[in-house]
1. Residue by residue through the stretch 125-131, what is 3J(HN,Hα) from phi via Karplus (6.51 cos²θ - 1.76 cosθ + 1.60, θ = phi - 60°)? Round to whole Hz and write x for glycine and proline.
2. Can you sort 52, 44 by 1.4 Å-probe accessible area, starting with the largest?
3. Please give the FRET efficiency for residue 183 paired with residue 302, using the beta carbon to beta carbon distance and R0 = 25 Å, rounded to the nearest 0.05.
4. Using the Karplus equation 6.51 cos²θ - 1.76 cosθ + 1.60 (θ = phi - 60°), what ³J(HN,Hα) coupling, rounded to whole Hz, does each residue of the stretch 281-292 give in order, writing x for Gly and Pro?
5. Under 5 Å between amide H atoms, partner at least 5 residues away or on a different chain: which partners does residue 187 have, H built in plane at 1.01 Å?
6. Sort out for me the Cα centre separation of the stretch 268-325 from the stretch 123-178, rounded to whole Å.
7. Using each residue's phi in the stretch 203-213, evaluate 6.51 cos²θ - 1.76 cosθ + 1.60 at θ = phi - 60° and report the 3J(HN,Hα) Karplus result to the nearest Hz, with x for Gly and Pro.
8. Using +1 on the beta carbon of Lys and Arg, -1 on that of Asp and Glu, and nothing else charged, what's the dipole of the stretch 85-195 about the Cα centre, debye to 20?
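The values are calculated or read from the model by the stated rules, or taken from the named source; none is laboratory data. Worth saying up front: this structure is predicted, and the values here are computed from it rather than measured. Positions of Cβ are backbone-derived with ideal geometry, glycine not excepted, and every protein chain shown enters the neighbour counts. The accessibility values were calculated without ligands, DNA or RNA, using every heavy atom of the protein model including side chains. Shrake-Rupley method; radii C 1.70, N 1.55, O 1.52, S 1.80 Å.
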Amino acid sequence: MFNVYPIKMYRKKKETKKINFLVLLLLKIILIFSSFNSYGKIFEGNGFICSEEETINNDSLFGLAYCEENNNKWFSHVKNNKFNGYTLQLFNTGAMLISYLEDGSMNSLGYYQKENYVEISEHKKAKRNGLGLKIYDIEDPSELSRTYLFKNNEVDTSYPVKEAYYDQKNDRLVQKLYYVDDQLNYSDKSFYFEITKSTLNNDYRVSYITQINELGIFDGYGVRIINGSDITYGIFKKGEFIKTFEESELTDFPLEFWDFQTTLTQYNKSFLTFTNDINRFLKEASNSLSIFIDANEWDFLSQRDLDSLKKKYEVQIKELNDFKN
């Protein structure tokens, strides 16, 4: 899908009946200088039509390349006739995808944006494989985001989902970690982690590790921790403690409770790595494509970025438009 070969350069064909040394020499000279005419950098292949920055031996794409394919626009870098480097695809639906392509293949993070929705996901062979962050409203990105683990484009339900949002009404920054079923609803009787922090009172925070039912309500064994020191173990029913335990009685807690705490520790490490990878990817993509995206600052693709991108590729865009007209 990401290859742009076989490549065919447009140039005038000359018919000859006799080939001799002088004609061959003249033809070589013509070929050398043909790369400087207005159509010398237009290429076609596999449904693509491209205008690129340079040619190698007059038959190979190299450098910046602006391509069109079925009304979709590609702003990329090309080497040896394949997309190599940071690439922004602008689809005719208005969706945008930033990826890093290597030899025409996508094995990297991918940044997808359409209207107010953004997803940043790890990919292998152009499929989501690894962690993926979904932001549901870039006009108010703190309202809701979720991080899933993907396997061949499907959510891996054996791994917990991370959810974050700001509850302005109750002055709470909320983070959750929980398992989902095949319909991405709460998994009944699975364990759940929640931490809420006050934005007005930095000293106040509450955490829960507990079992939940299919509605996400605390229902089963769990622990509540207030400000890191006030700890209560017990059994929940309909969100409230119906029984509490002393620490000496914790042997009654199911093994899954302790396993889930181990999962929390492992997840935090992988999520931190994922966050660092996102920051690096967006910084490098921004520098490469002359745009600016910073998820930490809630800065997403805008018309300003598209204008800057088109400015970077204005020569290639003009050449392609001139050729089509």
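1. 6, 6, 10, 5, 9, x, 6
2. 44, 52
3. Between residue 183 and residue 302 the formula returns 0.15.
4. Using θ = phi - 60°, the values come out as 4, 5, 5, 5, 5, 4, 5, 6, 9, 6, 10, 9 Hz.
5. So residue 187 has HN proximity to 179, 180, 181.
6. Value for the Cα centre distance between the two parts: 22 Å.
7. 8, 10, 8, 10, 10, 10, 10, 7, 7, 10, 9
8. Roughly 280 debye for the stretch 85-195.
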